[in-house]
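**Student:** Mind having a look at this structure? Questions to follow.
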Amino acid sequence: MTATQAPPQTEKPTPGGFLTGFLKEAIELIVVTLALLIAIRWGIAEARYIPSSSMEPTLQINDRLIVEKISGHLGKKIERGDILVFYPPKEEMGGQDLSNNPLHIMGRLTGLPCFPNDPAFIKRCIGIPGDQIRVQANQGVYINQQLLDESAYVKEPPAYNLNVMGDIKGRNALGMFIQAERDPKKQMDPIIVPAGHLFMMGDNRNNSEDSHVWGFLDQRRVIGRAYLLIWRRLEAPKYPISLQSGE
């Protein structure tokens with residue numbers, strides 16, 4: 001009597017196997033996507049939009065632009081005239097500095113709206129380390145006793161004076177009055193940009209919370225350079241009321 005071969009046994013699907021596999025693939029996809037997003041945003045560039053008029057006429061409200069970071073990683077020095085995106089100093093935020101909890105770190109690394117995102121400013125670099133700054137109302141900005149020709153980008157001359165450290169003061173984004181130099185002995189010191197810092201100003205000089213309010217910017221707070229304007233909304237021209245069509 002010959003033995004017959006037993007029919008092959010088919011493996012029954014494990015309960016929950018499909019769901020487990022799906023979740024595994026989904027998690028892997030999310031991890032890879034986040035890794036790529038972080039690599040691009042940290043090492044190459046990120047997109048930003050303009051929420052205020054502080055850089056008019058160069059940049060308009062709701063403009064979208066690319067902020068490049070490669071030059072910073074390669075050690076290119078910041079120069080006068082560079083338009084920079086940066087985290088504002090803690091004085092501007094009411095004394096609250098950048099949070100280092102995991103959610104805030106992920107927000108800075110990814111820019112995703114599901115994480116907390118820290119506010120960022122965009123201004124023009126006017127002074128680099130060692131520069132002496134002075135602002136004369138209705139004239140302009142003096143760097144090392146030389147008046148800058150800023151006719152190509154400023155909206156109007158500043159309406160305020162900055163001669164000494166005690167003149168750097170104003171109200172921050174929260175409406176709180178701040179003064180950059182609180183030491184009475186240094187109130188009359190000239191405004192000289194210290195090492196590792198910058199003096200930042202908006203092109204709309206009379207409508208900009210910048211270094212004339214909160215003082216010098218630590219270069220470590222710089223996110224990157226404004227590089228490319230990618231989108232600007234076109235506004236309809238405004239004609240006299242007499243020429244506007246009625247309903």
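The values are calculated or read from the model by the stated rules, or taken from the named source; none is laboratory data. These numbers come from a predicted model, not from an experiment. Glycine gets a Cβ as well: all are built from the backbone with ideal geometry, and neighbour counts include every protein chain shown.
For every residue, the table says whether it meets (1) among the aliphatic types (A, V, I, L, M); (2) over 23 Å from the mean Cα position of the chain (by Cα); (3) part of a helix (DSSP H, G or I); (4) closer than 20 Å to residue 94 by Cα.
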site: 149; (1), (2), (3), (4): no, yes, no, no
site: 160; (1), (2), (3), (4): no, yes, no, no
site: 199; (1), (2), (3), (4): no, no, no, yes
site: 203; (1), (2), (3), (4): no, no, no, no
site: 209; (1), (2), (3), (4): no, no, no, yes
site: 227; (1), (2), (3), (4): no, no, no, no
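**Student:** Looking at region 43-56, is at least one residue closer than 30 Å to residue 188 by Cα and either touching a His at 6+ places or on another chain (Cβ under 6 Å) or of a type in the set (Ser, Thr, Tyr) (or both)? Quick ask: steps written out before the conclusion?
**Tutor:** The first filter runs over region 43-56 and keeps only residues closer than 30 Å to residue 188 by Cα, leaving 54-55.
This time we only want the ones that are either touching a His at 6+ places or on another chain (Cβ under 6 Å) or of a type in the set (Ser, Thr, Tyr) (or both), so: 54.
Among the residues of region 43-56, at least one is closer than 30 Å to residue 188 by Cα and either touching a His at 6+ places or on another chain (Cβ under 6 Å) or of a type in the set (Ser, Thr, Tyr) (or both), which makes the answer yes.
**Student:** While we're on this one: Report yes if residue 126 is more than 13 Å from the chain's Cα centre (by Cα) and in a strand (DSSP E or B), otherwise no. Break it down into steps so the answer makes sense when it comes.
**Tutor:** On the way: more than 13 Å from the chain's Cα centre (by Cα): yes; in a strand (DSSP E or B): yes.
Taking the combined requirement at face value, the residue satisfies it.
**Student:** Now for a different question. One residue is enough: does region 109-117 have a residue meeting the conditions within 16 Å of residue 214 (Cα to Cα) and either out of contact with any strand residue (DSSP E or B) (no Cβ under 7 Å at 6 or more places or on another chain) or not aromatic (Phe, Trp, Tyr) (or both)? Steps first, please.
**Tutor:** As a first pass, look at region 109-117 and keep what is within 16 Å of residue 214 (Cα to Cα): none.
No, because not a single residue in region 109-117 is within 16 Å of residue 214 (Cα to Cα) and either out of contact with any strand residue (DSSP E or B) (no Cβ under 7 Å at 6 or more places or on another chain) or not aromatic (Phe, Trp, Tyr) (or both).
**Student:** List the pairs whose first member sits in region 138-151 and is farther than 19 Å from residue 55 by Cα, whose second member is β-branched (Val, Ile, Thr) and surrounded by 12 or more Cβ atoms within 10 Å (Cβ to Cβ), and whose Cβ atoms are under 7 Å apart, counting only residues at least 6 apart or on separate chains?
**Tutor:** 143/133
**Student:** Residues in region 232-239: is at least one on the phi < 0 side of the Ramachandran plot and surrounded by 11 or more Cβ atoms within 10 Å (Cβ to Cβ)? If you could, list the steps in order and put the result at the bottom.
**Tutor:** Taking region 232-239 and keeping what is on the phi < 0 side of the Ramachandran plot, we get 232-239.
Remaining after also requiring surrounded by 11 or more Cβ atoms within 10 Å (Cβ to Cβ): 232.
For region 232-239, residues on the phi < 0 side of the Ramachandran plot and surrounded by 11 or more Cβ atoms within 10 Å (Cβ to Cβ): present.
**Student:** For the structure I just gave you, tell me whether residue 222 is on the phi < 0 side of the Ramachandran plot and under 21 Å from the mean Cα position of the chain (by Cα). Even if it seems obvious, please write down each step before you answer.
**Tutor:** Details: on the phi < 0 side of the Ramachandran plot: yes; under 21 Å from the mean Cα position of the chain (by Cα): yes.
Yes.
**Student:** If you don't mind, another one. So residue 86 fits all but one of (1) within 13 Å of the chain's Cα centre (by Cα); (2) over 24 Å from residue 141 (Cβ atoms); what number is the exception?
**Tutor:** (2)
**Student:** Which members of region 162-186 meet the condition of being in a loop (DSSP other than H, G, I, E, B) and either modelled with pLDDT of 95 or more or of a type in the set (Phe, Trp, Tyr) (or both)?
**Tutor:** Applying the first criterion (in a loop (DSSP other than H, G, I, E, B)) to region 162-186 yields 163, 168, 172-176, 180-183.
Answer for region 162-186, where residues must be in a loop (DSSP other than H, G, I, E, B) and either modelled with pLDDT of 95 or more or of a type in the set (Phe, Trp, Tyr) (or both): 163, 168.
**Student:** Can you find, within region 185-217, the residue that is surrounded by the most Cβ atoms within 10 Å (Cβ to Cβ) among those that are free of Cβ contacts under 8 Å to residues at least 24 places away in the same chain and in contact with a helix residue (DSSP H, G or I) (Cβ under 9 Å, 6 or more places away or on another chain)?
**Tutor:** Just the residues of region 185-217 that are free of Cβ contacts under 8 Å to residues at least 24 places away in the same chain, to begin with: 185-187.
From the residues that got through so far, the ones that are in contact with a helix residue (DSSP H, G or I) (Cβ under 9 Å, 6 or more places away or on another chain) too are 186-187.
Values: 186: 12, 187: 14.
Looking at the filtered set, the residue picked out is 187.
**Student:** In region 15-114, which helices (runs of 4 or more DSSP H) lie fully inside it and hold 3 or more residues that are surrounded by fewer than 13 Cβ atoms within 10 Å (Cβ to Cβ)? First the steps, then the outcome.
**Tutor:** Numbers: elements: 17-43, 70-73, 102-110.
Answer list for region 15-114: 17-43.
**Student:** Can you tell which of 172, 206 is under 24 Å from residue 60 (Cβ atoms) and out of contact with any strand residue (DSSP E or B) (no Cβ under 6 Å at 6 or more places or on another chain)? Talk me through it step by step, then tell me what you get.
**Tutor:** Details: 172 fails: out of contact with any strand residue (DSSP E or B) (no Cβ under 6 Å at 6 or more places or on another chain).
Checking each option against the conditions leaves just 206.
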